[in-house]
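The structure appears right after this line, and notes come after that.
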Amino acid sequence: MAKAVKTYKSDAMASVHEIASGLHQLGVLDKKTMREFDEACLTPIESFTPEEIRALREREEVSQMVFARHLNVSKDSVCKWESGAKHPAGASLKLLSLVKRKGLSAIA
């Protein structure tokens, strides 16, 4: 199974998180403290309204199909998100957060 790729707020935060992870593995940091480091260092995941998803796609000047391919979801999923029939979750939310912060090229 492939290891999940973590996205950090900055290179400095990546270093801090790497050190904290090592200390956690050694038993120096407890689980609660490690969760606090995760929250401080990793890119936050936010929720999106249908209007925000549509605006994000339009800002990137791509069709629903192209947007869906970049997010590794179906065109139908993007359509349902934009209409409010369904809401993105999990990895899709993380990718949408990255696109909002850094543009579609960050995940292309």
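Nothing in this text is a laboratory measurement; each read-out follows from the coordinates by a stated rule. Computed from a predicted structure; not experimentally measured. Counting neighbours? That spans all protein chains shown, and the Cβs are built from the backbone with ideal geometry, glycine included.
Model label points for residue 60 and residue 75, set 7 angstrom from Cα along the Cα-to-Cβ axis, are 1.6 nm apart. Along the Cα-to-C-beta direction of residue 11, a point sits 7 Å from the Cα; which residues of region 67-100 have their amide N less than 16 Å from that point? Flagged as within label range: none. Here the label points at residue 26 and residue 98, each 7 Å from Cα along the C-beta direction, are separated by 3.0 nm in the simple model. Listed cross-link partners 31/100; 9/86; 6/31 are compared with a 25 Å cut-off, the Cα-Cα value being larger for 31/100; 9/86. The angle separating the long axis of helix 31-41 from the principal Cα axis of greatest extent in the chain is about 50 degrees. Which of the following values of percent of Cα pairs over 21 Å apart was calculated from the structure shown: [x] 48; [y] 23; [z] 44? Computed from these coordinates, percent of Cα pairs over 21 Å apart corresponds to label [z].
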